[in-house]
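Peer 1: Encoded as structure tokens, here's the structure I'll be asking about.
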Amino acid sequence: MGVRATALTLAALFLVAGCGADEPPAAVESVPPPAPADLCALVPEGVSRGLQSSASSEDGGDPRAVCSLRSTSDPSVRAVVTWLQLEEENPADVVLRSQCAAIDRSRLDEPKGFAVEGAIQTCAGTREARGEDVASVAVRRGREVLTARVETRGGTAALQRSQQLLEGVLAEIDTGR
């Protein structure tokens, strides 16, 4: 018998030997896409009503998605929501600390007791002056880091709107997985 025939016979024997295994192979589970294709679609309708949206996402490297919202009429609202997923929780914690350090505490006050439901860590800054309300919020949940930057003139307060945006996106990401 030639080398090729011997190799084919051995390969066939190995395949047949695996067929009689006592345990069936583990079921294959579907894996969600790394980044939401349209982060704006995950924003609850009640929060995005009256706002024009634009979204982008990138699956390469650390997958990320961005949603930009702005009002087309009064009250004036501008918001940006970002989502980032890292390989591990440690780098996610480093990114969250960086986002929190980027909140300008000379301009934005830290709200006492503020939290975003669904997040394990939250930091925020907010300011209301001369009719303009600004908020910057960053949260972490596992390997995910989300931010919301909101500016409003009238209507829902920026900090409250930031909280609604992030809680809505976190909840929608959970139901989509």
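Peer 1: Would you pick out the residues in the stretch 38-66 that are more than 17 Å from D174 (Cβ to Cβ) and touching a Cys at 6+ places or on another chain (Cβ under 6 Å)?
Peer 2: C40, S53, A55 - these are the residues of the stretch 38-66 that are more than 17 Å from D174 (Cβ to Cβ) and touching a Cys at 6+ places or on another chain (Cβ under 6 Å).
Peer 1: Still on this structure, I have one more. State all residues of the stretch 159-177 that are hydroxyl-bearing (S, T, Y) and either assigned to a strand (DSSP E or B) or without any contact (Cβ under 8 Å) to a residue 60 or more places away in the chain (or both); if no residue qualifies, say none. I'd like the intermediate steps shown before the answer.
Peer 2: Step one: filter the stretch 159-177 for residues hydroxyl-bearing (S, T, Y), giving 162, 175.
Answer for the stretch 159-177, where residues must be hydroxyl-bearing (S, T, Y) and either assigned to a strand (DSSP E or B) or without any contact (Cβ under 8 Å) to a residue 60 or more places away in the chain (or both): just T175.
Peer 1: Give just the number: which of (1) among the hydrophobic types (A, V, I, L, M, F, W, C); (2) open to solvent by 30 Å² or more (accessible area, probe 1.4 Å); (3) part of a strand (DSSP E or B) does C123 not satisfy?
Peer 2: Of the numbered conditions (1) among the hydrophobic types (A, V, I, L, M, F, W, C); (2) open to solvent by 30 Å² or more (accessible area, probe 1.4 Å); (3) part of a strand (DSSP E or B), the odd one out for C123 is (2).
Peer 1: Further question on the same structure: Of a type in the set (D, E, K, R), assigned to a loop (DSSP other than H, G, I, E, B) and in contact with a strand residue (DSSP E or B) (Cβ under 8 Å, 6 or more places away or on another chain): does that describe D133? Quick ask: steps written out before the conclusion?
Peer 2: Values: of a type in the set (D, E, K, R): yes; assigned to a loop (DSSP other than H, G, I, E, B): no; in contact with a strand residue (DSSP E or B) (Cβ under 8 Å, 6 or more places away or on another chain): yes.
No, not satisfied.
Peer 1: Can you tell which of R161, R130, R141 is over 19 Å from R64 (Cβ atoms) and surrounded by 15 or more Cβ atoms within 10 Å (Cβ to Cβ)?
Peer 2: Of the residues listed, the single one that is over 19 Å from R64 (Cβ atoms) and surrounded by 15 or more Cβ atoms within 10 Å (Cβ to Cβ) is R161.
Peer 1: Please state which of the following conditions A79 fails to meet, knowing it meets all the rest: (1) without any contact (Cβ under 8 Å) to a residue 60 or more places away in the chain; (2) within 22 Å of A55 (Cβ to Cβ).
Peer 2: Failing condition for A79: (1).
Peer 1: So which residues in the stretch 86-110 are open to solvent by less than 30 Å² (accessible area, probe 1.4 Å) and either in a loop (DSSP other than H, G, I, E, B) or farther than 18 Å from S162 by Cα (or both), if there are any at all?
Peer 2: Matches in the stretch 86-110: L86, A92, I103, L108.
Peer 1: Working only within the stretch 144-158, note down all residues that are open to solvent by less than 50 Å² (accessible area, probe 1.4 Å) and part of a loop (DSSP other than H, G, I, E, B).
Peer 2: Correct list: G154, T156, A157.
Peer 1: Has the stretch 43-53 got any residue that is open to solvent by 60 Å² or more (accessible area, probe 1.4 Å), at pLDDT 90 or above and in contact with a helix residue (DSSP H, G or I) (Cβ under 8 Å, 6 or more places away or on another chain)?
Peer 2: yes
Peer 1: Now for a different question. What's the total number of residues in the stretch 107-150 that are within 25 Å of G50 (Cα to Cα) and either β-branched (V, I, T) or touching a helix residue (DSSP H, G or I) at 6+ places or on another chain (Cβ under 6 Å) (or both)?
Peer 2: Within the stretch 107-150, residues that are within 25 Å of G50 (Cα to Cα) and either β-branched (V, I, T) or touching a helix residue (DSSP H, G or I) at 6+ places or on another chain (Cβ under 6 Å) (or both) number 12.
The values are calculated or read from the model by the stated rules, or taken from the named source; none is laboratory data. Note that the structure is predicted; figures quoted are calculated from it, not measured. For neighbour counting, all protein chains shown are included, and Cβ atoms are generated from backbone atoms with ideal geometry for every residue, glycine included. Only protein heavy atoms, including side chains, enter the accessible area calculation; ligands, DNA and RNA are left aside. Shrake-Rupley method; radii C 1.70, N 1.55, O 1.52, S 1.80 Å.
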